[in-house]
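Here's the structure we're looking at; comments come further down.
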Amino acid sequence: MIDSTHSSAERAEVRAVRESGRTSVLVIGAGINGISTFRDLALQGVDVVLVERGDFASGASSASSHMIHGGIRYLENGEFRLVRESVQERNGLLKIAPHYVKPLETTIPIYSTFSGILSAPLRFLTHKSGKPQERGAFLIKVGLMIYDTFSRDGGMVPRHRFLGRKRSLAELPSLDPQIKYTATYYDASMHDPERLALDVLQDGRAAHAGAHALNYVEAIGRDGDKVVLRDRESGTEFTVVADVVVNASGPWTDLTNDALGADTRFMGGTKGSHIVLDHPELLDATRGREIFFEHSDGRIVLIYPLKGKVLVGTTDIDADPREVPVCTEEEVDYFFALIHHVFPQIDVSRDQIVYRFSGIRPLPRHEDTAPGFVSRDYRIEVDDKGAAPLVSLVGGKWTTFRALGESLSDVVLGLLGRTRTVSTAGVPIGGGRDFPRTTKARRIWIQENLPGAGDRAEKLLTRYGTRAADVWAFIEQGDDAPLAGGDLSTRELAWMVENELVARLEDVILRRTSIAFTGHADIAVLDELADALAQLLGWDRTRHDAEVDQTRTLLNERHGLTLSSRTRG
Ligand SMILES: Cc1cc2nc3c(=O)[nH]c(=O)nc-3n(C[C@H](O)[C@H](O)[C@H](O)COP(=O)(O)OP(=O)(O)OC[C@H]3O[C@@H](n4cnc5c(N)ncnc54)[C@H](O)[C@@H]3O)c2cc1C
């Protein structure tokens with residue numbers, strides 16, 4: 001455990017909650033769904049405390065395929081409600097979070113005309129496993145027509161199109177020439193999930209003085225009407241009394257309930273992994289699109305460009321939430337086989353992997369349903385037997401976080417005897433407000449809001465959306481020097497510490513920036529950033545070294561890097 005006595009925004013939040021010791025609503029778990037619920041309640045003027053045992057969005061929310069999507073394949077499971085809501089939310093997020101959520105042209109290579117047709121209705125009727133198999137053109141066509149219908153209201157993306165082999169290969173020449181057709185449609189991708197989550201969080205904090213968000217604080221038990229919390233930075237414990245407790249701890253929901261004295265069996269998460277490749281040939285082969293397809297066993301695979309790299313995922317394997325999920329060598333072999341399946345001429349090797357990540361999907365318990373076909377929809381469970389009602393969230397994708405936050409908040413408002421005063425539908429998120437959408441609008445916005453930022457302007461606008469104006473104004477107020485090869489600077493890091501609740505080195509490397517994701521986290525960068533953070537957060541040498549070692553271990557063990565120990569003493 002690491003102790004820090006220095007004053008920071010993160011410590012100030014902990015102090016405020018400790019001193020008060022009570023709130024209306026305690027939300028446990030700051031993944032995107034806990035954060036969304038926190039923002040929604042704060043906007044209603046409800047006192048709310050959000051606690052997260054790690055950093056914000058460091059659980060399942062940091063491990064997604066970065067897609068904001070309707071989930072065309074969930075139609076096969078009969079999940080029409082979920083798909084309709086997801087498509088509507090996707091269209092909504094393209095409008096309210098355009099800084100991070102961008103349209104994603106998606107192409108499915110298709111090898112057969114009819115396969116999957118017999119098994120799909122069977123699965124739809126029984127929700128049992130059946131034997132997954134590759135979906136043929138007919139089934140995909142029906143799915144995309146339904147998808148387009150759900151999308152009609154929003155009008156944010158073009159309708160789907162089908163092409164035969166010849167025209168498909170003209171558009172994507174590296175595809176396997178054995179394909180019969182391609183289907184192309186639009187979904188959306190999230191370029192910075194952790195920053196999007198942070199933006200939602202910041203909007204919640206700004207909406208109401210009684211809204212507090214605490215990272216590195218874990219809910220560990222219940223003592224009558226008090227919930228016992230452990231501050232993982234100082235190692236101390238304190239309590240909070242709340243009128244309603246919300247358990248939004250994702251795949252760990254049953255474990256948190258257990259700690260609170262409630263015996264539940266809601267969850268049955270599955271592990272999914274991804275690799276990030278630095279592979280210009282593969283990047284070029286995608287032509288900027290997501291290639292979305294399935295292996296002969298019916299499992300879904302995606303290959304798509306993100307931040308100049310290629311993201312490849314994912315697997316779907318039953319998982320124990322007490323174990324730390326990692327991307328194994330078998331999963332890497334599986335990904336390589338799949339890349340070869342659609343792009344047979346392109347070689348891939350392990351030294352092109354710059355980052356791996358893995359997480360557990362917070363899915364409901366699923367008995368004999370095959371992992372890939374477990375419901376992705378969410379539900380809300382209320383237990384009113386204890387001193388305060390305990391509300392558990394079961395499930396919930398990234399895509400639907402806004403609607404889910406509203407639904408969960410409605411349940412909480414009902415328990416508090418309060419009514420909704422505002423909706424979050426259509427409300428811009430953080431730096432998505434007034435975001436310039438065209439090249440010309442970007443140029444004008446930069447001229448007006450980031451004067452003198454020069455080469456950094458584009459980077460700041462991409463990282464913060466229109467919040468970049470505040471960041472730049474802050475940077476200009478002091479001496480600044482580049483960090484991490486210019487990806488960051490000393491003043492920008494100070495902004496993160498003062499405004500974005502940074503507590504640890506890993507927060508900066510993994511979540512406030514894409515340094516790790518893009519393969520730029522070497523030992524020199526870790527050392528340099530720890531030096532700068534030590535000054536900002538008052539770390540002594542022992543803490544500095546512990547931060548570097550812990551982050552190095554994390555990158556090696558969870559993200560497949562091979563960083564040796566520190567280069568200087
Ligand atoms: C491989 C994979 C791919 C995915 N791809 C997509 C996709 O492309 N699109 C999409 O929409 N969705 C996708 N998802 C699903 C999506 O990422 C998750 O459903 C979503 O992020 C869940 O958010 P959450 O807030 O419910 O849970 P989490 O993000 O897991 O948040 C729960 C938090 O609770 C904290 N916590 C646990 N116990 C305690 C405690 N006792 N005290 C305090 N805090 C605690 C955890 O640290 C964690 O941060 C994917 C998921 C995975 C794993």
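If packing is taken as the average count of other Cβ atoms within 10 Å, what order do 380-390, 357-367, 192-202 fall into, highest mean first?
Details: 380-390: 15.5, 357-367: 21.8, 192-202: 24.7.
In descending order of packing, they fall as 192-202, 357-367, 380-390.
With each label point set 7 Å from Cα along the Cα-Cβ vector, what nm distance links Ser20 and Lys385?
3.1 nm
Taking the Cα centre of the chain as the origin, how large is its charge dipole in debye, to the nearest 20, when only Lys and Arg (+1) and Asp and Glu (-1) carry charge on their Cβ atoms?
Approximately 2020 debye in magnitude.
Just to make sure I understand: if all protein chains stay in place, what is the order of His520, His66, His160, His191 by accessible area at 1.4 Å, largest first? Numbers along the way, then the final one.
Numbers: His520 100, His66 10, His160 30, His191 60 Å².
Output order, biggest surface exposure first: His520, His191, His160, His66.
Could you give the distance between the Cα centres of region 43-81 and region 482-519, to the whole Å?
24 Å
Provide the packing ranking of 57-63, 466-472, i.e. peptides ordered by the mean count of other C-beta atoms within 10 Å per residue, highest first.
So the order, starting with the most tightly packed, is 57-63, 466-472.
Out of residues 5 or more away from Arg222 or on other chains, whose amide H comes under 5 Å of its own, with H placed 1.01 Å from N in the peptide plane?
Val228
Could you tell me which helices of the chain pass both thresholds, a Cα extent of 18 Å or more along their own axis and a mean Kyte-Doolittle hydropathy of at least 0.5, with helices taken as whole DSSP H runs? Don't skip to the end; give the middle numbers.
Details: long enough: 80-96 (24 Å, -0.32); 137-151 (21 Å, 1.30); 193-207 (21 Å, -0.27); 329-342 (20 Å, 0.17); 401-416 (22 Å, 1.13); 523-537 (20 Å, 1.39); 541-559 (26 Å, -1.78).
Answer set is 137-151, 401-416, 523-537.
Quickly work out the Arg265-to-Val142 label distance, labels modelled 7 Å from Cα along the C-beta direction, and quote it in nm with one decimal.
Result for the modelled spin labels: 3.5 nm.
So if each residue of separation counts as 0.36 nm, and I subtract the Cα-Cα distance between Asp540 and Lys95, what length gain in nm does that give?
Working: separation 445, 0.36 × 445 = 160.20 nm, distance 4.49 nm.
Additional length available on full extension: 155.7 nm.
Heavy-atom accessible area of Phe38 with all protein chains present, probe 1.4 Å, nearest 10 Å²?
Only protein atoms counted, so the area is about 0 Å².
Rank these residues by their accessible area, most exposed first, probe 1.4 Å: Arg437, Arg512. Before the final figure, lay out each step's value.
Working: Arg437 145, Arg512 5 Å².
Ranked from most to least accessible, the order is Arg437, Arg512.
Of Lys271/Lys309; Lys102/Lys180; Lys226/Lys271; Lys180/Lys309; Lys166/Lys309; Lys141/Lys271, which ones are farther than 31 Å apart at the Cα?
Result: Lys226/Lys271 exceed 31 Å.
Looking at Ala213, Ala242, Leu306, which one has the Cα that reaches farthest to the positive end of the dipole of region 197-310 (charges on Cβ: Lys, Arg +1; Asp, Glu -1)?
Of the options given, the answer is Leu306.
Would you mind computing, in nm to one decimal, how far apart the modelled labels at Gln550 and Asp347 are, each placed 7 Å from Cα along Cα→Cβ?
Using points 7 Å along Cα→Cβ, the separation is 4.2 nm.
Show the residues, 5+ positions off or on another chain, whose built amide H is closer than 5 Å to the amide H of Ala387.
Under 5 Å from the amide H of Ala387: no residue qualifies.
Go through Phe38, His340, Ser8 and say which Cα lies farthest out towards the positive end of the charge dipole of the chain; charges sit on Cβ, +1 for Lys and Arg, -1 for Asp and Glu.
His340
For an R0 of 56 angstrom, estimate the FRET efficiency from the Cβ-Cβ distance between Thr439 and Val324 and round to the nearest 0.05.
Details: r = 43 Å, r/R0 = 0.76.
Computed FRET efficiency for Thr439 and Val324: 0.85.
Note down the magnitude of the dipole of region 409-499 about its Cα centre, charges +1 on Lys and Arg C-beta and -1 on Asp and Glu C-beta and zero elsewhere, to the nearest 20 debye.
Working: 12 positive and 12 negative charges, 109 e Å.
The calculation lands at about 520 debye.
Using only protein heavy atoms and a 1.4 Å probe, report how much of Met267 is accessible, in Å² to the nearest 10.
Looks like 20 Å² after rounding.
Return the FRET efficiency for the residue pair Asp479, Thr149: r is the Cβ-Cβ distance, R0 is 60 Å, and the value is rounded to the nearest 0.05.
Numbers: r = 57 Å, r/R0 = 0.95.
Efficiency, rounded to the nearest 0.05: 0.60.
Can you give me the Cα centroid spacing of region 158-188 and region 289-347 in angstrom?
20 Å
How do Lys459, Lys440 stack up against each other in accessible area, from largest to smallest, with a 1.4 angstrom probe? Intermediate values should be presented prior to the final figure.
Working: Lys459 100, Lys440 125 Å².
Final ranking, largest accessible area leading: Lys440, Lys459.
Suppose R0 equals 22 Å. What FRET efficiency, 1/(1 + (r/R0)^6) with r the Cβ-Cβ distance, do Ala12 and Lys459 give to the nearest 0.05? Mind dumping the intermediate values first?
Details: r = 29 Å, r/R0 = 1.30.
The calculated FRET efficiency here is 0.15.
Which one of Phe293, Tyr74, Tyr147 has its Cα pushed farthest toward the positive end of the charge dipole of the chain, where Lys and Arg give +1 and Asp and Glu give -1 at the Cβ?
Of the listed residues, the answer is Tyr147.
Classify region 270-361 from the C-alpha gyration tensor, please: rounded if a/c falls under 1.5, else prolate or oblate depending on whether a/b exceeds b/c.
Since a/c reaches 1.5 and a/b is larger than b/c, the shape of region 270-361 is classed as prolate.
Using a ≥ b ≥ c from the Cα gyration tensor of region 306-449 (square roots of the eigenvalues), is it rounded, prolate or oblate, where a/c under 1.5 gives rounded and otherwise the larger of a/b and b/c decides, a/b for prolate?
Details: a/c = 2.97, a/b = 1.19, b/c = 2.49.
Oblate, since a/c reaches 1.5 and b/c is not below a/b.
Just want to confirm a number: the relative contact order over the chain, from Cα pairs under 8 angstrom separated by 6+ residues, in percent. Write down the numbers at each step before the final one.
Values: 1145 pairs, mean separation 112.5, N = 569.
For the chain, the relative contact order is 20 percent.
Answer rounded, prolate or oblate for region 432-559, using the Cα gyration tensor with square roots of eigenvalues a ≥ b ≥ c: rounded when a/c is under 1.5, else prolate when a/b is larger than b/c, else oblate. Don't jump to the answer; show the numbers that get you there.
Details: a/c = 2.49, a/b = 1.80, b/c = 1.38.
Because a/c hits 1.5 or more and a/b exceeds b/c, region 432-559 counts as prolate.
Per residue of the chain, what 222 nm ellipticity follows from adding -39500 (n - 2.57) for every DSSP H run with n ≥ 4, rounded to the nearest 500? Could the numbers behind the result be given before it?
On the way: 17 runs with 203 residues, N = 569.
Estimated from H runs of four or more residues: -11000 deg cm²/dmol.
State the percentage of accessible surface on region 432-559 attributable to carbon and sulfur atoms; use a 1.4 Å probe and exclude ligands, DNA and RNA.
Carbon and sulfur atoms account for 47 percent of the accessible area of region 432-559.
How large is the charge dipole for region 432-559, taken about the Cα centre, if only the Cβ atoms of Lys, Arg (+1) and Asp, Glu (-1) carry charge, to the nearest 20 debye? Before the final figure, lay out the partial values.
Working: 17 positive and 23 negative charges, 153 e Å.
Rounded to the nearest 20 debye, it is 740 debye.
Under the definition of Cα pairs under 8 Å and six or more residues apart, what whole-number percent is the relative contact order of region 270-361?
On the way: 155 pairs, mean separation 39.6, N = 92.
It rounds to 43 percent for region 270-361.
Report, by chain and number, residues whose modeled amide H sits under 5 Å from the one on Leu50, excluding near sequence neighbours (fewer than 5 apart, same chain).
Val27, His212, Ala213, Leu214
The values are calculated or read from the model by the stated rules, or taken from the named source; none is laboratory data. For clarity, every value in this text was computed on a predicted model and none was experimentally measured. Backbone-built Cβ (ideal geometry, glycine too); neighbour counts: all protein chains shown. For the accessible areas, the whole protein counts, side chains as well, though only heavy atoms, and no ligand, DNA or RNA atoms are used. Shrake-Rupley method; radii C 1.70, N 1.55, O 1.52, S 1.80 Å.
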